[in-house]
1. Taking R0 as 25 Å, what's the FRET efficiency between R249 and A190 from their Cβ-Cβ distance, rounded to 0.05?
2. Could you list, by residue number, the cysteines of the chain that have no other cysteine's beta carbon within less than 4.7 Å of their beta carbon?
3. Given the Cα-Cα distance of E423 and I49 and 0.36 nm per residue of separation, how much length would full extension add, in nm?
4. Can you tell me the 0 to 90 degree angle between the C-alpha axis of helix 144-161 and the longest principal axis of the chain, rounded to 10?
5. Mind jotting down the distance between the C-alpha centroids of region 410-445 and region 469-527, whole Å?
6. Please arrange K224, K443 by how many other C-beta atoms lie within 10 Å of their C-beta, fewest to most.
7. Say each of T138 and T317 gets a label point 7 Å from the Cα, pointing the same way as Cα to Cβ; how far apart are those two points in nm?
8. Rg over Rh of region 197-261, using C-alpha atoms and the Kirkwood radius, what does it come to?
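Each value in this text was obtained by applying a stated rule to the coordinates, not by laboratory testing. Quick caveat: nothing in here was measured; it's all calculated off a predicted structure. Positions of Cβ are backbone-derived with ideal geometry, glycine not excepted, and every protein chain shown enters the neighbour counts.
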Amino acid sequence: MAMAVKEDNPDMLIPQELLKVEDGDTLYGGFYTQEQIRDVVAYAAERGIDVIPELDMPGHLMGAQQGYPWITCTGESSWGQSFSSPLCPGKDSALMFAKNVYSEVFSLFPYEYVHLGADEVEKTNWKACPDCQARIKTYNLKDEHELQAWFVHDMERHFNANGKKLIGWDEIVDGGLSPTATITWWRDWAPKAVTTATAQGNDVIVCPDFLLYFDFIEQARDLKRVYETEPTTYRADWNLTPEQIKHIRGVQANTWCERIPSVRRMQYQVMPRLLALSEIAWVQPDAKDWADFEKRFVAQVDYLDRHGINYRVPDLTGFNDINVFVDTATITVNSILPNIEVRYTMDGSFPNAQSTLYTGPITVTESTKFIFRPFRPDGTAGAMQTAEYRKEAYSPAQALPDKKMEDGVRMVYHEFKGRKCAEIQEAKVVRNYTLDSVAVPEKLEGWLGLVYEGFIEVPQDGVYTFALTSNDGSMLYVDGELLIDNDGPHGDTKLTAQRALAKGWHRFRVEYFDMNNGGMLSLQWALPGETALKTMTGFKH
Ligand code: ACM
Ligand code: ZN
């Protein structure tokens, strides 16, 4: 509801037919009957599609353990530190439950592959459970990781006995992989799983977190990034031989729906990225052509419009989130889709079908905050984009510190386990680095808090554009003032802003943290009058 209001978007409301009131509680949810599943499978089959089911085990089964709490170690439905408590692989009754559920699933889905899940298993309960510990002892297992592998292998025998092949998330590599399982690699921060699995001759489906997780809101450059993804060479540090590359079977995108309340919103999340995914799955690398794809995408949009399929209008271009001018500025708004209308407001209200229509370049002479919004031919309003135009005087050049300056930007690495840049400074310092640019040194990974400081000499009075991209949060300060706030936990997110700078030296500071989930950071800029961004170098400190 809050999102529906914030985004002025009815697709964020839960459809009334999915709500029911029971004993005064409003409940949301539903289930498929076997008949409905058969219907889905038949519908897909007519279109040449096989459906692969996944009922996640031994973790991520909150729904099952609420109905059948005896399948857990404690006999109670509960939540651990990060995830719901898993099934107890020490209890024969729980294993029987798991196999019975899958036997039912096998009979509904004719395709040879079935996905067990097996990701994100919190093993704390297993450590304290006498049944789990007895199982570890009986089978001479080393620890709870091997118990997880034992469970996966036991389930795989059940799959195979029923003519099915097992797929699991890449966590199943830990603790020992059976020779025949296929993995879906999703942990962008654990690339070794792919190297290990393919070296052992196991097949891999490539599905990197963030990039191919379509439940994340599409950012401006995501469509191109998805299109440019090459499954077999996605990570240079996989170091795959031609023999190993043969085991990369294809790609997958995920759209977890717990925050996607309606079918229209689901369509919005996956379109147009699904079009790009299809090409990376089916087109040979040397036959890919982004410019050509973009043209064909415009044609596809016409098809989507005619069939009433919702999609995300690619971001309007021609402006930054924050734009700076000294005297006047001219704004030209572009869209790659020829059939949309752009409407805008300057008073902070959400643009609607009655708002001013954009018909050509707009000139501003005073600070103004625009909200632009595309409208599709059927009237569907797209995502709003704010463009702030700030009239500014040049920020004066700074005096350099009274000391011998050294080349490079100085970076201080803090032992930091937080979610906010402002708190990094208080965390213990590990060591200092001198770097050419604002980036994460190759060897640094895990939980990080990094603070960069340096001066750069700007060649002329003018308006400079900055882009700060990070995963997780980051902040950019110029001459001691906050310019870009890209704070908080998130995937790769790029924010741009401008600042009017007088010729001379200016002081830059970037704060950055990563929550041990595969970090990246870059600081780019464009000189006055230019749009091409390049990595900022030439620092002194
Ligand atoms: C996953 O996203 N936990 C596979
Ligand atoms: Zn147990």
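1. Working: r = 19 Å, r/R0 = 0.75.
FRET efficiency, R249 to A190: 0.85.
2. C207, C257, C421, each lacking another Cys Cβ under 4.7 Å.
3. Numbers: separation 374, 0.36 × 374 = 134.64 nm, distance 4.96 nm.
Extra length available between E423 and I49 comes to 129.7 nm.
4. 60
5. 14
6. On the way: K224 14, K443 5.
If I rank by nearby Cβ atoms, fewest first, I get K443, K224.
7. Label-label distance for T138 and T317, simple model: 6.2 nm.
8. Numbers: Rg = 13.8 Å, Rh = 13.1 Å.
Rounded to two decimals, Rg over Rh is 1.05.
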